[in-house]
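Since the structure comes first, as structure tokens, the remarks are kept for the end.
The values are calculated or read from the model by the stated rules, or taken from the named source; none is laboratory data. Note that this is a predicted model, so its numbers are computed, not measured. FYI the Cβ positions are ideal-geometry reconstructions off the backbone, even for glycines, and counts take in every protein chain you see. All accessible areas refer to the heavy atoms of the entire protein, side chains included, with ligands and DNA or RNA removed. Shrake-Rupley method; radii C 1.70, N 1.55, O 1.52, S 1.80 Å.
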Amino acid sequence: MEELDLREKASMCPQKPGVYLMHDSRNAVIYVGKAKNLKNRVSQYFQNTDRHTIKTMEMVRRVADFETIVTSTELEAFVLENTLIKHYKPKYNILLKDDKGYPFIRVDTEADFPRFIVAAKGEDAGRGFGPYGGRTIAHEVVEILNSTFKLPTCSRRFPRDIGKQRPCLRHHLNQCVGVCTGEVSRAEYHRLINEAILLLEGKSEHLADELRRQMEEYAENLEFEKAVILRDRLQALERVGERQKVVAARIPDTDVVCLYTGEYRSCAAVLHYVGGTLLGKDMAILPACSDDEDAGEMLSEYVARYYRERPLLPSDVALSHEIPDAELLSEWLSREKGKKVSVLHPQRGQRRRLLEMAMDNAREEARLATAKEERTGRALALLQEALGEDKPLHRLEAYDISHTGGTDSVGVMVVFQDGKPLKSAYRKFKLNQAQPDDYAGITETLTRRIRHAQEGDEKFLPLPDVFLIDGGSQHVATAMRVLEEMGVSAPVLGIVKDDSHRTRGLVTEDGSEIGLRTQPALFAMMGNIGEEVHRFAIGYHRELRGKNVTRSTLDELPGIGAVRKKALLKRFGGIRAIRAASVDELADVLPESVAQQVWDKLHEEDQDVNADKEN
């Protein structure tokens, strides 16, 4: 994906908290980051790049694509970021690649009066919960558990210190159950610990129901102090529960699959939980569907197709909708995996909360797809109206010429189909002209392009609905003459730039200019096309010029013919590497005497400079 496409994709990101993953050309994750506002944060990478640090500039240069995962809160994003960094170990994340700052919460359930502590992963005493996104968050969770369940936080050791000292201030403030008084039995204390463990495991629904029942019972019996204690515990479920969406420690390997059905587009989202941790996301844009029954059938079809192409299967598949063949799907997945795979449609509990997170991501993806299509459709409609065309516009072709003082002249053609670049249809033209004449370049490029189409060359079919020329009124007039001579009838527009080489407007066949500043959708699309055709032209020109410089230099070397030139290029790649090679390295390809002559020729200037210094 080009920088232009990345910038546009970033501008469509949701203004919500979440995590973004940068991928290189091999689809490897090279950076993971979190954001309070995904749109603002991700867009910064592709704007004002000269203000980036060297490290960030290098990272952005390697980005080929990115993906986002929307979360409910910044805290979820923080936890998920650390989890994904730990999993992928991205090249450009310098922190959090090891266990430092990546703690667990542990409790020794075999002790008489155990306590929750923050510990590193390697500390195996007791049961562990996590990982959590840093020691601050882990300590916050422990603090919530202690305050909600009124667990002791003092330095006393029980049962050793029971009854030896007066109760502390926390007990007098009703913030501690007071194990030190001897009024709390081991069984009662372990009941509190087990309730806290259920909370950490994400099994909060059953606990909430039980606490709510007890609270109502206390209230009916006018035992309001006990009811208040249970109310506080219920509130803790909400405070700790948000962390369990991205770290679901006690569920098996689970794929959470949801289908969001929008008015114009639907989206299927799959979140992959491995070992209780969210480690991946897949998305697919689908057609709109009318009702829940259609949604169930669409989800069923999508899930079957998705797992046919996926080698690693989960233990559970949690679905947002009931599907008609759930049992059949479970049987098939179980046979493929070699062990039981459950297909679930959870209505409550932890998996339901995970589905809600998946639904948020699917909703955003569908919104982005719809917004992009609407914006593109609006831009094409505005262009059609400006040209006075009766038929909708689908295929736009843009042309540009590039050369250096008339040498290495090239022409290029880029194609946008329904507002999207169709790179398989891009074409390059090495021009025959010897003078720096853009008009001659346009004439040759368009003539060759149209002739290919008229001769039935499928690589040049069909002809476009609109020809776009990078230039002003004279460039448009030149293109119009070519089309008229070749018997082609289609509108021609010139893409004119301002002093900063940014698209300013469109020049029509009669020389008038269509301003774009008041039409954001059309302005954005024409800007994208103008930048893309210019990028493609410059890239091809530099490629051709580099090859010609290399060929020219090699042609001047003594003892080098076509065969040896090819061998040198195959071994070293280019003239810079050949010049940097030693005589012995050149002799791997050339006879020793020729290798020495080539080395001497390539370093004549260096020898002359040294001679001048000696004199």
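If I go through the range 449-490 residue by residue, how many of them are in a loop (DSSP other than H, G, I, E, B) and open to solvent by 40 Å² or more (accessible area, probe 1.4 Å)?
9
Looking at the structure I just gave you, is residue 559 modelled with pLDDT under 75 and surrounded by 11 or more Cβ atoms within 10 Å (Cβ to Cβ)?
no
Could you check the range 34-67 and list, in sequence order, the residues that are more than 15 Å from residue 7 (Cβ to Cβ) and buried (at least 21 other Cβ atoms within 10 Å of the Cβ)?
Answer for the range 34-67, where residues must be more than 15 Å from residue 7 (Cβ to Cβ) and buried (at least 21 other Cβ atoms within 10 Å of the Cβ): 34, 35.
Among the residues that make up the range 351-361, is at least one of them within 30 Å of residue 264 (Cα to Cα), at pLDDT 85 or above, in a loop (DSSP other than H, G, I, E, B) and open to solvent by 70 Å² or more (accessible area, probe 1.4 Å)?
no
Would you be able to tell me the number of residues in the range 562-576 that are within 13 Å of residue 602 (Cα to Cα) and open to solvent by 40 Å² or more (accessible area, probe 1.4 Å)?
Total satisfying the criteria: 1.
When the residues of the range 449-498 are narrowed to those that are within 40 Å of the chain's Cα centre (by Cα) and free of Cβ contacts under 8 Å to residues at least 24 places away in the same chain, which ends up nearest to residue 394 (Cα to Cα)?
Within the range 449-498, the match that is nearest to residue 394 (Cα to Cα) is 461.
On the given criteria, is residue 268 assigned to a strand (DSSP E or B), among the hydrophobic types (A, V, I, L, M, F, W, C) and on the phi < 0 side of the Ramachandran plot?
yes
Tally time: how many residues in the range 281-320 are small (Gly, Ala, Ser) and open to solvent by 70 Å² or more (accessible area, probe 1.4 Å)?
So the answer is 1.
Starting from residues that are at pLDDT 75 or above and surrounded by fewer than 16 Cβ atoms within 10 Å (Cβ to Cβ), keep the ones in the range 191-213 and report whichever is nearest to residue 107 (Cα to Cα).
For the range 191-213, the residue satisfying everything is 194.
Among the residues of the range 593-605, what is the count of those that are open to solvent by 40 Å² or more (accessible area, probe 1.4 Å) and either touching a Gly at 6+ places or on another chain (Cβ under 7 Å) or not basic (Lys, Arg) (or both)?
7
Specify which of the listed residues (306, 302) is within 26 Å of residue 32 (Cβ to Cβ) and part of a helix (DSSP H, G or I).
306
Please state which of the following conditions residue 323 fails to meet, knowing it meets all the rest: (1) part of a loop (DSSP other than H, G, I, E, B); (2) buried (at least 16 other Cβ atoms within 10 Å of the Cβ); (3) touching a residue at least 60 places away in the same chain (Cβ under 8 Å).
With respect to (1) part of a loop (DSSP other than H, G, I, E, B); (2) buried (at least 16 other Cβ atoms within 10 Å of the Cβ); (3) touching a residue at least 60 places away in the same chain (Cβ under 8 Å), residue 323 is out only on (3).
Name the residues in the range 47-85 that are within 17 Å of residue 13 (Cα to Cα), of a type in the set (D, E, K, R) and assigned to a helix (DSSP H, G or I), would you?
The answer is 74, and nothing else.
Specify which of the listed residues (544, 590, 586) is at pLDDT below 80 and either assigned to a helix (DSSP H, G or I) or open to solvent by less than 40 Å² (accessible area, probe 1.4 Å) (or both). If you could, list the steps in order and put the result at the bottom.
Values: 590 fails: at pLDDT below 80; 586 fails: at pLDDT below 80.
Of the residues listed, the single one that is at pLDDT below 80 and either assigned to a helix (DSSP H, G or I) or open to solvent by less than 40 Å² (accessible area, probe 1.4 Å) (or both) is 544.
What do you reckon, is residue 278 assigned to a helix (DSSP H, G or I) and either open to solvent by less than 60 Å² (accessible area, probe 1.4 Å) or modelled with pLDDT under 70 (or both)?
For residue 278, the condition - assigned to a helix (DSSP H, G or I) and either open to solvent by less than 60 Å² (accessible area, probe 1.4 Å) or modelled with pLDDT under 70 (or both) - is not met.
Would you mind telling me which numbered condition in (1) at positive phi; (2) crowded, with 19+ Cβ neighbours inside 10 Å residue 29 fails?
Of everything listed in (1) at positive phi; (2) crowded, with 19+ Cβ neighbours inside 10 Å, residue 29 misses just condition (1).
Residue 386 passes all but one of (1) touching a Cys at 6+ places or on another chain (Cβ under 7 Å); (2) farther than 26 Å from residue 321 by Cβ; (3) of a type in the set (Gly, Ala, Ser); which number fails?
(1)
Being within 15 Å of residue 385 (Cα to Cα) and either surrounded by fewer than 19 Cβ atoms within 10 Å (Cβ to Cβ) or hydroxyl-bearing (Ser, Thr, Tyr) (or both) is the filter here; which residues of the range 491-508 pass it?
508
Condition first: surrounded by fewer than 17 Cβ atoms within 10 Å (Cβ to Cβ), in contact with a Cys (Cβ under 8 Å, 6 or more places away or on another chain) and within 13 Å of residue 175 (Cβ to Cβ). Now tell me which residues in the range 137-160 satisfy that.
Once the filter is applied, which keeps residues that are surrounded by fewer than 17 Cβ atoms within 10 Å (Cβ to Cβ), in contact with a Cys (Cβ under 8 Å, 6 or more places away or on another chain) and within 13 Å of residue 175 (Cβ to Cβ), the range 137-160 yields 153, 154.
Checking the condition under 21 Å from residue 397 (Cβ atoms), within 35 Å of the chain's Cα centre (by Cα) and at pLDDT 85 or above, which residue from 537, 524 passes?
Just one listed residue meets the conditions, 537.
Please tell me if residue 397 is in contact with a Pro (Cβ under 7 Å, 6 or more places away or on another chain), assigned to a helix (DSSP H, G or I), touching a residue at least 40 places away in the same chain (Cβ under 8 Å) and buried (at least 16 other Cβ atoms within 10 Å of the Cβ). First the steps, then the outcome.
Values: in contact with a Pro (Cβ under 7 Å, 6 or more places away or on another chain): yes; assigned to a helix (DSSP H, G or I): no; touching a residue at least 40 places away in the same chain (Cβ under 8 Å): yes; buried (at least 16 other Cβ atoms within 10 Å of the Cβ): yes.
Considered against the rule, which asks whether it is in contact with a Pro (Cβ under 7 Å, 6 or more places away or on another chain), assigned to a helix (DSSP H, G or I), touching a residue at least 40 places away in the same chain (Cβ under 8 Å) and buried (at least 16 other Cβ atoms within 10 Å of the Cβ), residue 397 comes out as no.
For the range 100-120, indicate whether the set of residues that are open to solvent by 60 Å² or more (accessible area, probe 1.4 Å), at negative phi and modelled with pLDDT under 80 is non-empty.
yes
Report, by residue number, each residue of the range 335-350 that is at pLDDT 85 or above and surrounded by 16 or more Cβ atoms within 10 Å (Cβ to Cβ).
341, 343, 344, 345, 346
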